[in-house]
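> Here you go, one structure.
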Amino acid sequence: MLSGLRKSYGPIEAVRGVDLAIAPGETVALLGPNGAGKSTTIDLMLGLARPDAGSVSLFGLAPADAVASGLVGGMLQTGSLVEHLSVRELVAVVASLYPDPLPVDEVLDTTGAAAYADQQTTKLSGGQTQRVRFALALVANPDLLVLDEPTAALDVEARRDFWATMRGVASGGKTIVFATHYLEEADAYADRVVLLVRGQVVADGPATEIKARVGGRTIRATLPSIDLAEVCTLPGVVTADRRGDAIVLSCSNSDAALRALLEDFPAARDIEVRGAGLEEAFLEFVTDGRGVPAP
Amino acid sequence: MSKATYLRAEIVRTFRNRRFLLFSLGFPLVLFLAVGGANKDRSLSGIGFALYYMSGMVAWGSMVAIVSSGARISTERQTGWTRQLRITPLRTRTYFTAKIVCGYLLALLTIVVLYVAGLFLDVHLRVSEWATMTGLVLVGLVPFAVLGVLLGHLVKPDSLGPAVGGITSLFALLGGAWGPLGSSRVLTDAAKCLPSFWLVQSAKVVLHGPAWPPAEEWVVLAVWTLALGRLAVLVYQRDTARV
Ligand SMILES: Nc1ncnc2c1ncn2[C@@H]1O[C@H](COP(=O)(O)OP(=O)(O)OP(=O)(O)O)[C@@H](O)[C@H]1O
Ligand SMILES: [Mg+2]
């Protein structure tokens, strides 16, 4: 449960008013481009940073108290492992800090870290390190698991194993919040996707809905003096925005939208069709206020 | 239970760090064997040179051991490990306590190694004298344990070497660990305000009468411990608010 969260680093406003209520058992993806404020939101959630305004409550507790009672576990985006311990020793030490940890060997197995359990933590590859970091979060067996870009540095197989494990965790009734850049990941594994751009939540809903809005392409065309609501009804168009003389259409099906646009609005010129990056697709929302939602 | 496991892991980590051990134990030992060995038959301030020099090395070596143990927090902050720990139920107090316990173990090892070297250079003391000396040195190290934790939060890993080396050398020099400060009254009086002066004197307790240590020592140690502790808390709070 986050309300009215704000955090600035000097002149940079990293998080600008985020409100989120997450129900127990939900799997929520924080989706957003680089610098969107995902990690900052997670830091605020875990009590690693203090908000300038707003508040965080986890299971009715302040973050520090929830963390202290072992209700929360997590994997941060950055951070290396501590030296002079083997992987197994490290996982065991972290497990010992929690009231209800999973068995160490079981976690080493599920994360695939068993293969190098007796190696020193400093002698691992990037992906192996990432798996151990995941093991540290998992062994805690917390009610809320927070993961910041958990699959960065993992190969395809490791990614698949990772998500299979997460499915198991989710089906055990745990709440999971993870940050990612990848719409596909958010779509495949989250019940709910929160799209964060420039420190604000620009969309929040079931993955399919977000996918329709972001996964498509945008069409940009010079087309002065028409009614936005009219182009909005074209097939395949999700939202329409005006940028001076130009209109920008976010499309779920750009082919259908383009055909219809040319047919119904022969005056349209300078047409561009682009794959919409997360940032591009939602820049309009953030800078100009709202787009006109499709009916 | 969780505290014991964590503490054990920290101790294991400290003693697996070979290079760290080698340098902390090595420097005072080599210096003692070289200088103490060469001047074995002389005497200084009314006691055998070897005993005099061993005491100085005990004070300096244990000080360096305990300060650098705390200062290693700096590296754990840099690599993000402390952030990872802050999202576990581990208490901040347990984290710091473990660092200080490791520092004390390392200091104790340094002291014992120097004692053994002292035996080889014909330093002979009664058991009660060895014990009093050790006990007083361990108490004298308290402000330095806190200083280590403070430096761990103030100094980045890349400047840790010079910072710890420079500060401990200054304390050792002014405290008289490397030899008498000379006859300047002002300097000698000023040195009495330093915790290292009392640490060095603790290591030389056999020189003093049974009335030693005076209340002054406890006051100086307490003031330094409280002041450094207060600073460490401030720096820690600044650090965790900003991250
Ligand atoms: N410690 C910090 N000091 C100063 N600025 C920061 C700090 N941490 C983050 N920022 C700034 O805050 C903004 C949001 O950063 P954040 O790390 O939350 O983004 P993110 O969504 O996690 O991005 P990424 O996908 O790259 O991980 C960025 O503009 C970044 O420059
Ligand atoms: Mg991030």
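> Any residue that is within 30 Å of B:PHE20 (Cβ to Cβ) and modelled with pLDDT under 90 - is there at least one of those in the range A:140-150?
no
> Another question, if that's okay. Looking only at residues in the range A:136-154 that are in a strand (DSSP E or B) and within 16 Å of ligand 1 (Cβ to nearest atom), which one is nearest to the other protein chains (Cβ to nearest Cβ)?
Residue satisfying both the conditions and the ranking: A:VAL146.
> In addition: What is the number of the single condition among (1) in contact with a strand residue (DSSP E or B) (Cβ under 8 Å, 6 or more places away or on another chain); (2) in a helix (DSSP H, G or I) that A:GLN77 does not meet?
All conditions pass for A:GLN77, except number (2).
> Here are some residues: A:THR122, A:THR78. Which one is under 25 Å from A:ASP155 (Cβ atoms) and within 16 Å of ligand 1 (Cβ to nearest atom)?
On the way: A:THR122 fails: within 16 Å of ligand 1 (Cβ to nearest atom).
From the options A:THR122, A:THR78, the qualifying one is A:THR78.
> How many residues, within the range A:155-183, are within 16 Å of ligand 1 (Cβ to nearest atom) and more than 14 Å from chain B (Cβ to nearest Cβ)?
6
> So, in the range B:193-216, how many residues would count as being at pLDDT 90 or above and not in a helix (DSSP H, G or I)?
Residues in the range B:193-216 being at pLDDT 90 or above and not in a helix (DSSP H, G or I): 2 in total.
> Among the residues of the range A:27-36, are any within 11 Å of another protein chain (Cβ to nearest Cβ), at negative phi and either touching a residue at least 40 places away in the same chain (Cβ under 8 Å) or touching a Ser or Thr at 6+ places or on another chain (Cβ under 6 Å) (or both)?
Scanning the range A:27-36, I find no residue that is within 11 Å of another protein chain (Cβ to nearest Cβ), at negative phi and either touching a residue at least 40 places away in the same chain (Cβ under 8 Å) or touching a Ser or Thr at 6+ places or on another chain (Cβ under 6 Å) (or both), so the answer is no.
> I would also like to ask the following. Which members of the range A:233-267 meet the condition of being crowded, with 16+ Cβ neighbours inside 10 Å, at pLDDT 85 or above and in a helix (DSSP H, G or I)?
A:ALA257, A:LEU258, A:ALA260, A:LEU261
> Can I ask one more? I'm checking my understanding of the structure. Among residues of the range A:55-74 that are part of a helix (DSSP H, G or I) and facing chain B (nearest Cβ under 7 Å), which one is nearest to B:GLY80 (Cα to Cα)?
It comes out as A:VAL67.
> Continuing with this model, one more query. Only one of these conditions is not met by B:THR110: (1) in a helix (DSSP H, G or I); (2) within 14 Å of chain A (Cβ to nearest Cβ); (3) among the hydroxyl-bearing types (Ser, Thr, Tyr); (4) buried (at least 20 other Cβ atoms within 10 Å of the Cβ). Which number is it?
(2)
> Within the range A:51-59, identify whether any single residue is within 26 Å of B:LEU85 (Cβ to Cβ), within 14 Å of ligand 1 (Cβ to nearest atom) and assigned by TED's automatic domain parsing to the domain that holds A:GLY173, and answer yes or no.
Yes, because at least one residue in the range A:51-59 is within 26 Å of B:LEU85 (Cβ to Cβ), within 14 Å of ligand 1 (Cβ to nearest atom) and assigned by TED's automatic domain parsing to the domain that holds A:GLY173.
> Would you check if A:VAL197 is within 16 Å of ligand 1 (Cβ to nearest atom), away from chain B (no Cβ under 14 Å) and touching a Phe, Trp or Tyr at 6+ places or on another chain (Cβ under 6 Å)?
So A:VAL197 passes the test.
> Within the group B:SER169, B:SER183, which residue is among the hydroxyl-bearing types (Ser, Thr, Tyr), surrounded by fewer than 13 Cβ atoms within 10 Å (Cβ to Cβ) and either without any contact (Cβ under 8 Å) to a residue 60 or more places away in the chain or within 19 Å of B:GLY56 (Cβ to Cβ) (or both)?
Numbers: B:SER169 fails: surrounded by fewer than 13 Cβ atoms within 10 Å (Cβ to Cβ).
Matching residue, one of B:SER169, B:SER183: B:SER183.
> Need the failing condition index for B:LEU119 against (1) out of contact with any Gly (no Cβ under 9 Å at 6 or more places or on another chain); (2) farther than 30 Å from A:ALA62 by Cα; (3) buried (at least 17 other Cβ atoms within 10 Å of the Cβ), just the number.
(3)
> Which residue is modelled with the highest pLDDT, if the candidates are limited to the range A:184-199 and must be away from ligand 2 (no atom under 16 Å from the Cβ), under 11 Å from A:LEU31 (Cα atoms) and surrounded by fewer than 22 Cβ atoms within 10 Å (Cβ to Cβ)?
That would be A:ARG192.
> Determine whether the range B:217-225 contains at least one residue that is more than 16 Å from ligand 2 (Cβ to nearest atom), closer than 30 Å to B:ILE87 by Cα and part of a helix (DSSP H, G or I).
Scanning the range B:217-225, I find at least one residue that is more than 16 Å from ligand 2 (Cβ to nearest atom), closer than 30 Å to B:ILE87 by Cα and part of a helix (DSSP H, G or I), so the answer is yes.
> Ok, one more. For the range B:145-161, which positions are in contact (Cβ under 8 Å) with a residue 12 or more places away in the chain and assigned to a helix (DSSP H, G or I)? Write out each step before concluding.
Within the range B:145-161, the first condition is being in contact (Cβ under 8 Å) with a residue 12 or more places away in the chain, and the residues that meet it are B:145-157, B:160.
Correct list: B:ALA145, B:VAL146, B:LEU147, B:GLY148, B:VAL149, B:LEU150, B:LEU151, B:GLY152, B:HIS153, B:LEU154, B:PRO157, B:LEU160.
> Looking at (1) within 27 Å of the chain's Cα centre (by Cα); (2) over 20 Å from B:ALA9 (Cα atoms); (3) not hydrophobic (A, V, I, L, M, F, W, C), find the lone condition where A:GLU106 falls short.
Condition not satisfied by A:GLU106: (1).
> Yes or no: A:VAL202 modelled with pLDDT of 85 or more and part of a strand (DSSP E or B)?
No: the conditions fail for A:VAL202.
> Could you go through the range B:56-73 and let me know if any residue there is in contact with a helix residue (DSSP H, G or I) (Cβ under 8 Å, 6 or more places away or on another chain), crowded, with 17+ Cβ neighbours inside 10 Å, within 14 Å of chain A (Cβ to nearest Cβ) and not hydrophobic (A, V, I, L, M, F, W, C).
Yes - at least one qualifying residue is present in the range B:56-73.
> Scan the range A:34-60 residue by residue and report those that are surrounded by fewer than 18 Cβ atoms within 10 Å (Cβ to Cβ) and near ligand 2 (Cβ under 10 Å from one of its atoms).
Residues satisfying the conditions are A:ASN34, A:GLY35.
> Exactly one condition in (1) touching a Gly at 6+ places or on another chain (Cβ under 6 Å); (2) within 12 Å of chain A (Cβ to nearest Cβ); (3) part of a helix (DSSP H, G or I) is not met by B:ARG93; state its number.
(1)
> Also, I was wondering about something else. So for the range A:95-108 (the condition being modelled with pLDDT under 95, more than 16 Å from ligand 1 (Cβ to nearest atom) and assigned to a strand (DSSP E or B)), does at least one residue qualify?
no
> Is there any pair with a first residue in the range B:226-243 that is farther than 13 Å from B:LEU147 by Cα and a second that is modelled with pLDDT of 90 or more and basic (Lys, Arg) whose Cβ atoms are under 8 Å apart and which are 6 or more apart or on different chains, and what are they?
The qualifying pairs are B:ASP239/B:ARG77; B:THR240/B:ARG86; B:VAL243/B:ARG83.
> Only one of these is assigned to a loop (DSSP other than H, G, I, E, B) and within 14 Å of another protein chain (Cβ to nearest Cβ): A:ARG133, A:ARG50, A:ARG88. Name it.
One residue alone meets the criteria, A:ARG50.
The values are calculated or read from the model by the stated rules, or taken from the named source; none is laboratory data. Computed from a predicted structure; not experimentally measured. Cβ sites come from the backbone with ideal geometry, for glycine too, and all protein chains shown count toward neighbours.
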